Structure formats: structure tokens, C-alpha cells
Amino acid sequence: MKTKRLLSVLMLACLLPLSTLAEVWQDPVSKVNYTYYPGRNEASVSGSYYYGSAGSPNAQGNIKILSKIRVDGNDYIVTSIGQNAFFGCALTNVTIPNTVISIGSYSFLNCHYMTKVDIPNSVKSIGDNAFELCSRLSSINLPDGVTDIGSHAFNGCSGITSITIPNSVTTIGYGAFSGCGIYNVIVNVTNNHL
């Protein structure tokens, strides 16, 4: 009985369309890699599953993450930045489009040259260690849409001296701003969740 069920599941898996497999497309200008699934309309900045490697290892300088990519005549909306997407990359300035709703864990970890990142109001969550050790990061704007800031998200960002926590934030992880040069923190006092 179990053998027949297993065979049925395996046969069904073989019949699934290949379009469910992820594909990767690279922006020839910025060298940013995007992961998309044919048949769906969403994409993400490619992440890496291995600590210490980036999903877009050749991205450097000033980059603007695309709001959508077009592959084989199909549009894919970029909704997230994957885990380890730019780990250790030589980025200086990053502009994130208003289609992105999440920034993955470790996505910009060790981007030592990054001085500025523009985070749009569409972003709801910033993952653990997302900007950790970005020591030259001096300009960060937490938009009103952010609800979750992960543990150690900005740990070691010694260039950040002032930050405003918007009313929308309900969770700030452990050590989110430890090691920062923050002298001025503004918290919206109407937020009863902190």
C-alpha cells in the first residue's frame, strides 16, 4: 500500500510543469541577480543560502534595484531582497523600489562602503543582521510602513548618529542598533507596542 502511494506521488511530481522551477536573470548594468518563477508575476533580488557568499557578488557602486524585470516578454514585480543578497559587496548607495515589501536577513551584511540606502514606505520588515557592519552607513530612513526590525539589523553601523523609529514599528529585535553611534533616538510615543 505504501509503495503504491509513493509511486503515485513520484509520478505526480514528474507531471508537474517545469515552470515551477526558479530561474535567475542578471541586470547587465548593475550586475544584480533576480530570481523569478515562470508562471508567477513576482521576483526577488537573488539571495544565497550560504553564509559568506552573496546572491549578487558582482554588484558594486551606486545601484538602483529594479521594480520589475522583463524576461522572455513577461514582467515580474520585484517584491523582496533575498537573504545574503549583497553580503560583503562593494556597494556605496542603494535605492530600493516601492514594490519591495521585505529585506531579508544578512542581505547587506559587511557592505563596508555603503553610505546611504533609500528604503521606501512599502517595506514592512527588515530581517536579522540586514545591515550589520555597514560602518560607513550614515543615512538611514525608516519609513512609516516598517513593522518589524530584526535582531542586530543595524548592529555595528557606527556612522548612524540619529534615527527616528516610526509609529508603525511593533517589533525591534535584540541588539538591532547596538554598536551604532546613535546620539539621538526619536520614538513616536503613541506606539504602545514597543
- If you wrap a convex hull around the Cα atoms of segment 127-182, how much volume per residue is inside, in Å³? 59 Å³
- Note on the structure: Between Ser67 and Glu42, the two model label points (7 Å from Cα along the beta-carbon direction) sit apart by a distance in nm of 1.9 nm
- Note on the structure: Once Ile172, Ile103 are ranked on solvent-accessible area with the largest value leading and a 1.4 Å probe, the list reads Ile172, Ile103
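How large is the charge dipole for segment 51-150, taken about the Cα centre, if only the Cβ atoms of Lys, Arg (+1) and Asp, Glu (-1) carry charge, to the nearest 20 debye?
Charge dipole, segment 51-150, about its Cα centre: 240 debye, nearest 20.
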- Using a 1.4 Å probe over the heavy atoms of the protein chains, calculate the carbon and sulfur portion of the accessible area of segment 39-194 as a whole percent. 47 percent
- Query: His112 versus Tyr50, label points 7 Å from Cα toward the beta carbon: distance in nm?
  - Reply: 2.2 nm
- Query: Hey, what did segment 43-106 get for relative contact order, percent, Cα under 8 Å, at least 6 apart?
  - Reply: 42 percent
- Task: Express the Stokes-Einstein translational diffusion coefficient of segment 34-145 in µm² s⁻¹, to the nearest whole number, given a Kirkwood radius over alpha-carbon pairs, 37 °C and a viscosity of 0.692 mPa s.
- Result: 238 µm²/s
- Task: With a point put 7 Å past each Cα toward its Cβ, work out how far Leu21 is from Asn74 in nm, to one decimal.
- Result: 1.4 nm
- Any aspartates and glutamates whose Cα falls less than 16 Å from that of Lys116, other than same-chain ones fewer than 8 residues away, would be Glu132
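The values are calculated or read from the model by the stated rules, or taken from the named source; none is laboratory data. Computed from a predicted structure; not experimentally measured. Because the Cβ atoms are built from the backbone with ideal geometry, glycine has one as well, and the counts that use them run over all protein chains shown. The protein model used for the area step is the full one, side chains on, heavy atoms only, and it has no ligands, DNA or RNA in it. Shrake-Rupley method; radii C 1.70, N 1.55, O 1.52, S 1.80 Å.
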